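K.L.:
Questions regarding the structure given below will be posed in turn.
All of the numbers you see were taken from the coordinates with simple rules; none came from a lab. What you are looking at is a predicted structure, and each value in this text was computed from that prediction instead of being measured. Note that each Cβ is placed from the backbone with ideal geometry, even for glycine, and that neighbours are counted across all protein chains shown.
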Amino acid sequence: MPNIRRTLLAATACAVFASPMLAVAQDIKPRLIRFGYGLNEQSNQGRAVKVFADHVEKASGGKMKVRAIGAAALGPDTQMQQALIGGAQEMMVGSTATLVGITKEMALWDTPFLFNNSKEADAILDGPIGKKVMDKLPEKGLVGLVYWENGFRNLTNSKRPVQKFEDFEGIKLRVMQNNVFLESFRTLGANAVPMPFSELFTALETKTVDGQENPYNTILSSKFYEVQKYLSVTNHVYSPWIVTVSKKWWDQLSKDEQKILRDAAVISRDFERKDTREEAGKALADLKGKGMQINELSPAETARMRDKLTAVNATIATNVGMDLWNETQAALAKLRGGK
Ligand code: TK8
């Protein structure tokens, strides 16, 4: 096709002539970082993105600018991940669970009841195992910087208090777009349907689904209490968020610029975890105040649910690899004072 060839030639010529000018322009124009996230600005996620943005702007003397874009205005997690990989967006924070389709090792964090408390979560996520999983991202076109806390997930629904896993019967439950979550809740007897977070409020409001599961903070900041009556304290899994960067874009940054982003990520992580834990500590009382009916599961019923869910562990171990699975179990045993 001679026409295409001519266009290509012209484009190449333009690029050659334009490049010295571009280099100059870059010195003057700040680097713009479009940082997308799924929750509202008034959420633990929104507040921490702001801390990140402020640090980057300050540390770079205004040479790097973060445009924080919340409420999934750039699309749900999976869409933003593709935009990062393609280089159309620079950064995002989202659930590790929605990354499993890209990096299968991320499924490790979806293991039901993997962590007993946030101290264990921090130790594993910030330690060699968390790093090992994160280091699988660059080959897929993403760079992972830090894990933030989404939190321990709890169940809400509009039908009945869930006291035991048999109560899941007949509940249409939204889960994240992830096979482990799907399998986990099917195992418990729910009618589980995968759906992006951005569609969830409306789906609950119109009763397209009866329930969902998320940490207290999100139930509060996303106003799920307006459309959900029952909250059952299940703490069935700890969910991390992960801050990721487009590798295509990252590779164009100077070492100094990369360091600014890495430092800001750590500062935002420390802020975010503290903020999230403080908010979670009060959230249950807040949700009660908003009219939610809250029930705890008895230790016996929690144990039964836990037992039932071990059925999915084999799938997870196969997906993430037996070595990584065993290494994680050993690290947890060590943390817990075992041998
Ligand atoms: C926000 C989501 C959310 C997650 C979910 O974009 O989808 O339920 O818990 O935090 O990543």
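K.L.:
To the nearest 0.05, how large is the calculated FRET efficiency for THR202 and GLN82 if R₀ is 25 Å and r is the Cβ-Cβ distance?
P.N.:
E(calc), rounded to 0.05, equals 0.60.
K.L.:
List every residue whose amide H lies under 5 Å from the amide H of GLY36, counting only residues 5 or more places away in sequence or on a different chain, with H placed 1.01 Å from N in the peptide plane.
P.N.:
So GLY36 has HN proximity to ILE69, MET91, MET92, VAL93.
K.L.:
Once amide H atoms are placed 1.01 Å from N in the peptide plane, what residues at a sequence separation of 5 or more from PHE152, or on another chain, have their amide H within under 5 Å of its amide H?
P.N.:
Distant-sequence amide H within range of PHE152: SER239.
K.L.:
In addition: With a 10 Å cut-off between alpha carbons and a GNM built on the chain, which of ASN116, ASN326, ASN150 moves the most?
P.N.:
Of ASN116, ASN326, ASN150, the most mobile in the Gaussian network model is ASN326.
K.L.:
In whole Å, what is the distance between the alpha-carbon centres of the range 36-54 and the range 201-240?
P.N.:
First find each Cα centre; the distance between them is then 20 Å.
K.L.:
Cα atoms only: what Rg and Dmax, in Å, come out for the chain?
P.N.:
21.8, 75
K.L.:
Which one of LYS104, LYS119, LYS172 has the biggest mean-square fluctuation once the chain is modelled by GNM with Cα springs under 10 Å?
P.N.:
Answer for the Gaussian network model of the chain: LYS119.
K.L.:
While we're on this one: Could you tell me the relative contact order of the range 28-335? Use alpha-carbon pairs under 8 Å, at least six residues apart, and round to a whole percent.
P.N.:
Over the range 28-335, the number comes to 27 percent.
K.L.:
Using modelled backbone amide H atoms (1.01 Å from N, in-plane), which distant-in-sequence or interchain residues come within less than 5 Å of LEU114's amide H?
P.N.:
TYR238
K.L.:
Let's see if you can work this out: charge +1 on each Lys and Arg Cβ, -1 on each Asp and Glu Cβ, no other charges. What is the dipole magnitude of the chain about its Cα centre, in debye to the nearest 20?
P.N.:
Using only the charged Cβ atoms, the result is roughly 440 debye.
K.L.:
Still on this model: Measuring from centroid to centroid over Cα atoms, what is the spacing of the range 260-332 and the range 136-176 in Å?
P.N.:
Their Cα centres are 9 Å away from one another.
K.L.:
Give me the number: length gained by fully extending GLN293 to ALA123, i.e. 0.36 nm times residue separation minus the C-alpha to C-alpha distance, one decimal in nm.
P.N.:
Going from the current span to full extension adds 57.8 nm.
K.L.:
Now, a different point. So what is the calculated 222 nm ellipticity per residue for the chain, using -39500 (n - 2.57) for each DSSP H run with n of 4 or more, over all residues, to the nearest 500 deg cm²/dmol?
P.N.:
Taken over the chain, the calculation gives -15000 deg cm²/dmol.
K.L.:
Need the full-extension length gain, ARG262 to LYS164, defined as separation in residues times 0.36 nm minus the C-alpha distance. One decimal, nm.
P.N.:
Taking 0.36 nm per residue and subtracting the Cα distance, the gain is 30.9 nm.
K.L.:
Over 22 Å between C-alpha atoms is what I'm after, so list which of LYS65/LYS255; LYS29/LYS136; LYS164/LYS223; LYS136/LYS259 land there.
P.N.:
LYS29/LYS136; LYS164/LYS223
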